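Each value in this text was obtained by applying a stated rule to the coordinates, not by laboratory testing. As the structure is a prediction and not an experimental result, all values here were calculated from the model. Because the Cβ atoms are built from the backbone with ideal geometry, glycine has one as well, and the counts that use them run over all protein chains shown.
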Amino acid sequence: MATKKQKSYKELQDELDAVLAELRSSELDIDKALDLYKQGQKLISELEDYLSHAKNEIEQLKS
Amino acid sequence: MCYSEGMDEMVFTPTEFVGVLNQTLDYAYPVVSLQGELANVRVSRSKWVYFDIKDDTASVKCFGTVYVLPGPVEEGMMVRISASPRLHPLYNFSLNLQSVRAVGEGSLKRAADLLAEKLMKEGLFEESRKRPVPYAPQTIGLITSKESAAYHDFVKILNERWGGVRIIHHDVQVQGEQAVTDIVQAIERLNQLSDPEVLVITRGGGSADDLSAFNTEQIVRAVAASRIPTLVAIGHEVDMSLAEMAADLRASTPSNAAQMLTPDKMQTLAQLKIQRSTLADMVVAHVQTSQAAIAEAGKTMRHLLDQAYTIADQTFMSQRTLLEALNPEAALKRGYSVIRSDKGVIRSVSQLTPGDPISITLHDGSAKATINEVQ
């Protein structure tokens with residue numbers, strides 16, 4: 001089974017921005033708002049996890 | 001080659017002599033470095049350069065392509081050259097140039113000024129050429145010396161601030177003979193890769209001579225021609241180099257370059273905490289809006305019910321009044337009475353005949369009677 005591709009920080013951040021933008025819209029039913037809230041919390045946890053654990057990698061280009 | 005009669009003397013033809021001498025030179029001095037003053041500079045067809053390198057007592061002819069020059073040069077400039085000594089079959093002795101660089105603060109400054117003037121006219125430093133450098137890139141192409149403090153500072157600050165970045169490092173000399181070729185090749189090589197989103201070209205501070213590579217036409221043009229946006233950071237102790245002026249973005253030091261490219265993760269974590277509570281606040285706002293809507297609906301419902309009750313009450317009252325008005329008891333109280341016979345309620349005298357027993361109902365009782373006469 002193919003492993004799920006790790007999302008980049010930017011992708012996660014863009015998703016969170018989209019969730020926040022949608023939540024800001026006033027015409028939103030409560031079920032949708034709660035669903036977006038859960039999604040937002042999950043994305044924030046993933047972003048925090050990324051920042052706490054992601055390491056930089058250095059690759060030496062052979063001359 | 002032959003030997004002269006009766007003597008142990010070698011006699012060469014000119015061609016042979018040129019060949020032997022070049023062989024000897026190649027063996028003894030394959031490449032020489034000279035430092036001296038430029039004189040009789042001449043550029044032919046924008047491709048070939050001729051000059052003399054001299055001091056107070058000697059002058060040597062040099063020849064090469066214009067691509068070995070650090071930029072425009074002029075008479076009197078102090079330069080250091082690398083070259084191969086050659087005796088040309090027709091044009092005598094010259095040094096075949098491999099590299100030329102200005103030396104000494106005055107000449108370096110003059111060479112940089114001449115190059116700046118030339119490239120400025122071409123618009124190479126125009127603000128409009130500058131492209132945005134991606135913030136928090138996923139892949140960085142890093143051009144610096146692996147042994148340098150610049151390399152370690154850049155990586156250290158990047159590790160402190162941010163994670164998940166892939167750094168593709170191309171090791172280069174950042175000063176001396178090899179620097180220009182190394183850096184130009186590194187820029188070209190990294191430009192052939194698809195991943196790097198930004199090229200960071202960096203080194204720490206140094207003397208004007210140490211930094212001279214970053215004021216050469218080759219490097220400045222390579223920076224300007226890079227397909228990938230560039231960030232050039234050369235030590236902060238001297239004036240800005242031309243490579244920095246041609247870059248899309250400049251930083252004062254290698255550490256500063258890492259700071260400019262990435263957010264600080266501690267700060268970002270604090271922002272995420274704020275976003276978490278913003279998210280909660282927004283949902284609470286939606287819940288409150290829904291609650292307010294429910295309360296409003298309840299109020300409307302109560303109001304409608306009240307209205308319905310009032311209408312029902314009014315209807316009931318008017319019906320009761322009507323009912324009371326129609327109650328026969330009321331008529332009996334006013335003095336009317338009801339006469340019944342065995343045929344029911346008597347509404348007409350035609351229903352009666354003398355001798356019929358009748359009953360008379362009044363409001364407070366009834367009485368029995370007999371009909372005596374009908375008129």
* **Signed unit charges on C-beta, dipole axis of the range B:224-292, positive-most listed residue B:Leu231, B:Ala257, B:Ala280** => B:Ala280
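Can you tell me the FRET efficiency between B:Met266 and B:Glu75 if r is taken as the Cβ-Cβ distance and R0 is 51 Å, rounded to the nearest 0.05? Don't skip to the end; give the middle numbers.
On the way: r = 57 Å, r/R0 = 1.12.
The value I calculate is 0.35.
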* Structure fact -> Label model pair B:Gln288, B:Arg347: point-to-point distance (7 angstrom along the Cα→beta-carbon line) in nm is 7.4
* Amide proton proximity set for B:Gly235, modelled H, under 5 Å, gap of 5+ -> B:Arg203, B:Gly204, B:Gly205
* To do: Of the options A:Ile58, A:Gln39, A:Leu12, report the single residue whose Cα projects farthest towards the positive end of the charge dipole of chain A (beta-carbon charges: Lys, Arg +1; Asp, Glu -1).
  => A:Ile58
* Over the range B:30-144, equivalent-ellipsoid semi-axes from the Cα gyration tensor in Å -> 34, 17, 14
* **Residues of type lysines that B:Lys273 reaches as a straight line, Cα spacing below 17 Å, ignoring anything fewer than 8 places off in the same chain** => A:Lys38, A:Lys42, B:Lys265
* Debye log10 I(q)/I(0) at q = 0.22 Å⁻¹ for the range B:135-220, Cα point scatterers -> -1.08
* Can you give me the three principal axis dimensions of the protein assembly as shown from its C-alpha atoms, in Å, biggest first? => 206, 45, 40
* To do: Would you mind getting me the FRET efficiency between A:Leu61 and A:Asp17? Use the beta-carbon distance for r and R0 = 51 Å, nearest 0.05.
  => 0.90
* To do: Assign unit charges at the C-beta atoms only (+1 for Lys and Arg, -1 for Asp and Glu), then state the dipole size of the range B:208-285 relative to its Cα centre in Debye, rounded to the nearest 20.
  => 560
* For the range B:208-339, restrict the atom set to alpha-carbon positions and state the Rg and Dmax in Å. => 44.5, 142
* Asked: In the protein assembly as shown, with Lys and Arg counted as +1 and Asp and Glu as -1 at Cβ, which of these residues, B:Leu305, B:Val165, B:Phe125, has the Cα nearest the positive end of the dipole, that is, farthest along it?
  -> B:Leu305
* State the Cα centre-to-centre distance between the range A:23-50 and the range B:61-121 in whole Å. => 64
* Using alpha carbons only, how many degrees (0 to 90, rounded to 10) separate the axis of helix A:9-24 from the longest principal axis of chain A? -> 10
* Asked: In percent, how large is the relative contact order of chain B, given Cα pairs closer than 8 Å and 6 or more residues apart?
  -> 11
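Using packing as a proxy for protection, rank B:100-109, B:22-31 so that the peptide with the highest average count of other Cβ atoms within 10 Å comes first.
Values: B:100-109: 19.7, B:22-31: 11.8.
Going by the mean number of other Cβ atoms within 10 Å, highest first, we get B:100-109, B:22-31.
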* To the nearest whole number, what is the average tally of beta carbon atoms from other chains within 10 Å of the beta carbons of peptide B:161-170? -> 5
* Structure fact -> Ordered by fewest other Cβ atoms within 10 Å, a rough proxy for footprinting exposure, B:Ser145, B:Ser46, A:Ser45 read B:Ser46, A:Ser45, B:Ser145
* Asked: If you take the Cα Rg of the range B:277-375 and divide it by 2.2 N^0.38 Å, with N the number of residues, what do you get?
  -> 2.58
* Structure fact -> For peptide A:41-50, the mean count of other chain Cβ atoms within 10 Å per residue Cβ is 3
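Would you please report the Å³ per residue occupied by the convex hull of the alpha carbon atoms in the range B:207-283?
Values: hull volume 8.5 nm³, N = 77.
Enclosed volume per residue, from the Cα hull, is 111 Å³.
Taking N as the number of residues in the range B:16-93, what is its Cα Rg relative to 2.2 N^0.38 Å? List each step's numbers first, then the result.
Numbers: Rg = 13.2 Å, N = 78, 2.2 N^0.38 = 11.5 Å.
Here the answer is 1.14, to two decimals.
To the nearest 20 Debye, how big is the dipole of chain B about its Cα centre, given +1 on the beta carbon of each Lys and Arg and -1 on that of each Asp and Glu? Intermediate values should be presented prior to the final figure.
Details: 36 positive and 44 negative charges, 495 e Å.
Dipole magnitude for chain B comes out near 2380 debye.
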* **Mean residue ellipticity (222 nm) of the protein assembly as shown, computed from DSSP H runs ≥ 4 via -39,500 (n - 2.57), nearest 500** => -14500 deg cm²/dmol
* **Mean-position separation - Cα centroids, the range B:266-342 and the range B:202-223, in angstrom** => 85
* To do: May I ask you to work out the translational diffusion coefficient for chain B at 37 °C, viscosity 0.692 mPa s, via Stokes-Einstein with Rh from the Kirkwood sum over Cα pairs, reported in whole µm²/s?
  => 109
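Please tell me which of these pairs span more than 30 angstrom C-alpha to C-alpha: A:Lys62/B:Lys109; B:Lys54/B:Lys118; B:Lys61/B:Lys130? Let's see the in-between values first.
Details: A:Lys62/B:Lys109 34 Å; B:Lys54/B:Lys118 26 Å; B:Lys61/B:Lys130 41 Å.
Violating the 30 Å limit, Cα to Cα: A:Lys62/B:Lys109; B:Lys61/B:Lys130.
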* Structure fact -> Rounded to the nearest 10, the angle in degrees between the Cα long axis of helix A:30-53 and the longest principal axis of the Cα atoms of chain A comes to 20
* In debye, nearest 20: dipole of the range B:1-127 around its Cα centre with unit charges on the Cβ of K, R (+) and D, E (-)? -> 400
* Structure fact -> Hits for chain B under the membrane-span-like helix rule (DSSP H, Cα axial span at least 20 Å, Kyte-Doolittle mean at least -1.0) are B:14-28, B:105-122, B:265-326
* So what is the orientation-averaged projected area of chain A, using the convex hull of its C-alpha atoms, in nm²? -> 7.0
* Filter the GluC sites (Glu not before Pro) in the range B:298-375 to those in DSSP coil with at most 11 other Cβ atoms within 10 Å of their Cβ, and list the result. => B:Glu373
* Protection-proxy order for peptides A:6-13, B:211-218, B:129-136, each taking the mean of Cβ atoms within 10 Å per residue, highest first -> B:211-218, A:6-13, B:129-136
